[in-house]
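A short write-up of the structure that comes next.
The values are calculated or read from the model by the stated rules, or taken from the named source; none is laboratory data. It should be emphasised that the depicted structure is a prediction, and the values quoted were computed from it without experimental measurement. Neighbour counts are summed over all protein chains in view; Cβ atoms, including those assigned to glycine, are modelled from backbone coordinates with ideal geometry.
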């Protein structure tokens, strides 16, 4: 799977517990922690099995809802994290194998200067830049879905992701959670059922994560989450958040399908894509989530290369027109081994809640031209 572990440790862990964890992950089998690991059948240190092991202190330690575990003051949290990280590294060394992570509230970037000044031992600042937290307009597809599809660009250009990057002080940025977070606003349940588990949501979340990778150098990102059917808002309205499946082993929500498609192409190096010719944009008036945006782009693309293997992910964020694109890429033209995956739906509000209205279709791809339906994504793979 080529996956690396992300371990969230409690803010209340002791220095002795820190040492044991460090030994369990990286120490020889003769240490106390290493003995526990060996007894479980893995004699060699876990640092020999993984390229990087991420250690995050606390889950949303800024969040007062987690009373007893939270440290709301950013300086106090930073000092505590610095002490834990220093003790961890002192126990086993191997600093290159570990990514020490502090979490912060994406919507409060002003906290980060004090936090990061107190934690020089940290490598990474982790945020959760959730989409569409409040829906107050839903009279048309343009009112309901167009702001969602454009919000990642707004966040990256001038919103919370841009602000988090500016406040990171040179630390690596990571995303510990992301999805929709539609727990505010006045939209009734029937409207939310057409939004949060929709085809548009799947396209948007995948595009959001890729944009943060390209525009802000975010290497580690996690979709939240695999299970969970719904969440109940404070007013009692159930919202189909945050799970990416309808039922385990059964129907998948569009977020799951879109991320699975994107993961097919993400390998090797992210390489530059130049979009020429017609590059359609539109303006977003002030709407849901309280933002507006001029010149929101409808077409976006991401390319990856590993040796002679290539992957290309292309999006149409427009709601009204199919777009035909020509692709000029090494080894693609009339390549008999090229494969195409599409996220297919008949409307942006299609869901898989009751039946599979959103599906992934796979076909051979011949030539260099691709037609993208409105509100859609496609993935190409080929080898030179």
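Examine segment 203-211 for a residue that is out of contact with any helix residue (DSSP H, G or I) (no Cβ under 8 Å at 6 or more places or on another chain) and in contact (Cβ under 8 Å) with a residue 12 or more places away in the chain, and state whether such a residue exists.
Looking for residues that are out of contact with any helix residue (DSSP H, G or I) (no Cβ under 8 Å at 6 or more places or on another chain) and in contact (Cβ under 8 Å) with a residue 12 or more places away in the chain, one finds none in segment 203-211, hence no.
Can you tell me which of (1) farther than 30 Å from residue 238 by Cβ; (2) touching a residue at least 40 places away in the same chain (Cβ under 8 Å); (3) over 20 Å from the mean Cα position of the chain (by Cα) is the one residue 120 doesn't meet?
Of the numbered conditions (1) farther than 30 Å from residue 238 by Cβ; (2) touching a residue at least 40 places away in the same chain (Cβ under 8 Å); (3) over 20 Å from the mean Cα position of the chain (by Cα), the odd one out for residue 120 is (2).
Which of the residues spanning segment 92-108 are in a helix (DSSP H, G or I), without any contact (Cβ under 8 Å) to a residue 60 or more places away in the chain and in contact with a helix residue (DSSP H, G or I) (Cβ under 7 Å, 6 or more places away or on another chain)?
95
Quick check, is residue 89 modelled with pLDDT under 95, surrounded by 14 or more Cβ atoms within 10 Å (Cβ to Cβ) and in a helix (DSSP H, G or I)?
yes
Right, residue 358: over 28 Å from residue 140 (Cβ atoms) and surrounded by 20 or more Cβ atoms within 10 Å (Cβ to Cβ) or not?
Against the criterion (over 28 Å from residue 140 (Cβ atoms) and surrounded by 20 or more Cβ atoms within 10 Å (Cβ to Cβ)), residue 358 does not qualify.
Every residue in segment 234-252 that is in contact (Cβ under 8 Å) with a residue 24 or more places away in the chain and touching a strand residue (DSSP E or B) at 6+ places or on another chain (Cβ under 6 Å), please.
Passing the criteria: 238, 239, 241, 252.
Quickly run through segment 45-68 and pick out the residues that are without any contact (Cβ under 8 Å) to a residue 12 or more places away in the chain, closer than 20 Å to residue 27 by Cβ and in a loop (DSSP other than H, G, I, E, B).
Hit for segment 45-68 is 49, nothing else.
Quick one: in segment 124-150, of everything that is part of a helix (DSSP H, G or I) and touching a helix residue (DSSP H, G or I) at 6+ places or on another chain (Cβ under 6 Å), which residue is nearest to residue 321 (Cα to Cα)? So that I can check it myself, show each step before the final result.
Within segment 124-150, the first condition is being part of a helix (DSSP H, G or I), and the residues that meet it are 141-144, 146-150.
Subset that is touching a helix residue (DSSP H, G or I) at 6+ places or on another chain (Cβ under 6 Å): 147-149.
On the way: 147: 17, 148: 17, 149: 14 Å.
Only one residue fits best here, namely 149.
Only one of 322, 329, 336, 303 is touching a strand residue (DSSP E or B) at 6+ places or on another chain (Cβ under 8 Å) and under 17 Å from residue 209 (Cβ atoms). Can you tell me which?
303
Per-residue answers, yes or no, for (1) in contact with a strand residue (DSSP E or B) (Cβ under 6 Å, 6 or more places away or on another chain); (2) at pLDDT below 95; (3) more than 28 Å from residue 120 (Cα to Cα); (4) surrounded by fewer than 24 Cβ atoms within 10 Å (Cβ to Cβ):
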position	(1), (2), (3), (4)
156	no, no, no, yes
170	no, yes, no, yes
175	yes, no, no, no
205	no, no, yes, no
217	no, no, no, yes
229	no, no, yes, yes
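Among the candidates 300, 283, which residue alone is outside any helix (DSSP H, G or I) and surrounded by fewer than 17 Cβ atoms within 10 Å (Cβ to Cβ)?
On the way: 300 fails: surrounded by fewer than 17 Cβ atoms within 10 Å (Cβ to Cβ).
Exactly one residue qualifies, and that residue is 283.
Going through segment 330-356 one residue at a time, which ones are assigned to a loop (DSSP other than H, G, I, E, B) and touching a helix residue (DSSP H, G or I) at 6+ places or on another chain (Cβ under 8 Å)? Spell out how you get there, then give the answer.
Looking only at segment 330-356, we keep the residues that are assigned to a loop (DSSP other than H, G, I, E, B), and these are 330-338, 345-356.
Result: 345, 347, 348, 349, 350, 351, 352.
Between residues in segment 340-352 that are without any contact (Cβ under 8 Å) to a residue 60 or more places away in the chain and residues that are surrounded by 20 or more Cβ atoms within 10 Å (Cβ to Cβ) and outside any loop (DSSP other than H, G, I, E, B), which pairs lie under 6 Å by C-beta distance while being six or more apart or on different chains?
So the pair list comes out as 340/380; 342/378.
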